[in-house]
Amino acid sequence: MNYDSLKKVIDETARECGISEYEIYYMSAFDASVSALKKEINASSVGESGGLSLRVLKDGKMGYAATELLTEDEMKRLVFKAKENAENTEKPDTVGIFKGSSEYPRHDFKEKELLSNEKMAEVALELQNAAYAADSRVADGTQSSVSSFGFEVRLSNSWGLDLKNSAKASVIVTEVAVSDGNESNSAYSVEEYDAGMDLGKIAADTAKKATDNFGAGYVESGKYNVVISGKEMKSILAVFSPVFNAKYALMGMSLLKGKEGEMIASPVVTVSDTPAREEVCVKSYFDAEGVSARAKNVIKNGKLITLLHNRETAKAYNTETTGNASKSSYSSPVSISPYAFCIEGGENTLEDLYKMAGSGIYVTSVRGLHAGANPMTGDFSIESGGFMIENGVLGKPVKSFTIAGNFYDLLKSVKAVSDKVTFGVSGGVSCFGSADVLCEGISVGGK
């Protein structure tokens, strides 16, 4: 059955059951990937998933049910199950089913075509060959892969709301292993595929990142000016993003509760959340409750403007939802997530940051982020690699050191940000980006 037919069965059954308020959330997803190793295709996969969930309001309580079986009988059963769950829950609902926003932003999304398996294999092999050709030290273990994904989300309810969003994209991953006979290194890159991109340059740049780390030394422990690359800062931001979640704050799991309007970061720090950011492949114009999704600054020039809310937390805070309700799958409960969460750039080049640092460290890799970071307290101790900064310019490579501190203090220590923002590629709910950041007085553990 198609979606409209499913919706009709649910509506008729709900009315027969005396249910006047309900919400349907439908999601379908497709993904395929091809990988290459030793200049040969070594793996491929194709997958499809999806289903439908239903929320119904009965006697002031919300019932929930979900299914992957999209048939007429199953839709009827789903209504009865959701109604039964509403009758058996003890928790009263506080927000009801959303009637709809006054308007929804409409964007001219140019949906890309998914790559065929043949094209994915062609691109993966081209990346492999280009990587081996880039440097004589490129070694076996060098891998490349191409993935394509697409999804569609539909949200409808008894108030007449009927919303749809979809996206398609392809992503290339290049991992280059290098060896000079004495030591081995590796580097990787992840980018959204575009038909006009230079695959040879991507492979060569990734190989250079790996060979640039040959001869890496060690750094003395101490306090340093540290420039964190946008690629790594976005990963740090992602790990600590739950501190901006209003639900976490209500649960006592974020130190930002009640801090709206206060300076929590350096004046050069602005953190935005943009549902339809040009640089990211997944764009949205409504959230998982049907609320219009809008761009917003979470931090503006160091001041906390808002936490991220869904309707439930907004009511608890006596404020408006920010339109950040989310569902990681059709069957997931409503949660809160950012869209494209980003530490925005400024006017300085990366080289300017080196000069401003004078001496210090440029961090280009971090490992074990989830093990070394505690979002509840903000504390972190992260294994890192990078380059020394000497007399305002990039110096020798260094490895096996840790940067340690507290995320809240890190935001306050930012002296400058670069003019270039780096975003990750994500097919999920959230995507993260950041400019390069210069932080003062960071604890570094070395030899």
Hey, what angle do you get for helix 72-88 against the long axis of the chain, alpha-carbon based, 0 to 90 degrees rounded to 10?
-> 90
List the aspartates and glutamates whose alpha-carbon lies under 17 Å from that of Lys61, not counting same-chain residues fewer than 8 positions away?
-> Glu21, Glu23, Glu84, Glu87, Glu90, Asp93, Glu289, Glu312
May I ask for the percentage of alpha-carbon pairs in segment 1-213 that lie more than 23 Å from each other?
-> 60
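Which of rounded, prolate, oblate describes segment 222-445, given a ≥ b ≥ c as roots of the alpha-carbon gyration tensor eigenvalues and a/c under 1.5 marking rounded, otherwise prolate only if a/b is larger than b/c? Don't skip to the end; give the middle numbers.
Working: a/c = 1.93, a/b = 1.81, b/c = 1.07.
Judged from the Cα gyration tensor, segment 222-445 comes out prolate (a/c at least 1.5, a/b above b/c).
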Determine the gain in length on full extension of the stretch Ile41-Ser116; use 0.36 nm per residue of separation and subtract their C-alpha separation, reporting nm with one decimal.
-> 25.5 nm
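If you average over every viewing direction, what projected area does the convex hull of the Cα atoms of the chain give, in nm²? All intermediate terms of the calculation are to be shown ahead of the outcome.
On the way: hull surface 91.4 nm².
The directionally averaged projection comes out at 22.8 nm².
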Hey, got a sec? Which GluC sites (Glu not before Pro) in segment 187-235 land in a DSSP loop and have at most 12 other Cβ atoms within 10 Å?
-> Glu220
With a Förster radius of 41 Å, plug the Cβ-Cβ distance of Glu90 and Ala371 into 1/(1 + (r/R0)^6) and report the FRET value to the nearest 0.05.
-> 0.60
To the nearest 0.05, how large is the calculated FRET efficiency for Ser329 and Ser443 if R₀ is 45 Å and r is the Cβ-Cβ distance?
-> 0.70
May I ask for the distance between the Cα centers of segment 371-442 and segment 1-80, given as a whole number of Å?
-> 40
Between Asp409 and Lys99, 0.36 nm times their residue separation minus their Cα-Cα distance comes to what?
-> 107.5 nm
What angle do you read, to the nearest 10 degrees and between 0 and 90, between the alpha-carbon axis of helix 117-134 and the longest principal axis of the chain?
-> 20
Would you list which lysines come within 21 Å of Lys58, measuring only between C-alpha atoms, while excluding same-chain residues fewer than 8 positions from it?
-> Lys7, Lys8, Lys76, Lys81, Lys83, Lys91, Lys99, Lys315
Once phi for every residue in segment 357-363 is put through the Karplus expression 6.51 cos²θ - 1.76 cosθ + 1.60 (θ = phi - 60°), the whole-Hz ³J(HN,Hα) values, with Gly and Pro written as x, are 5, x, 9, x, 9, 9, 8
Estimated vicinal HN-Hα couplings, Hz - segment 282-298 in sequence order (Karplus 6.51, -1.76, 1.60; Gly, Pro = x) | 9, 10, 9, 10, 8, 9, 6, 10, x, 7, 4, 8, 10, 6, 7, 9, 7
So the angle from the long Cα axis of helix 199-211 to the longest Cα principal axis of the chain, reported in degrees to the nearest 10, equals 60
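Values in this text are rule-based calculations from the coordinates and carry no lab data. None of these values were measured; they are calculated from a predicted model. Cβ atoms come from the backbone with ideal geometry, glycine included; neighbour counts cover every protein chain shown.
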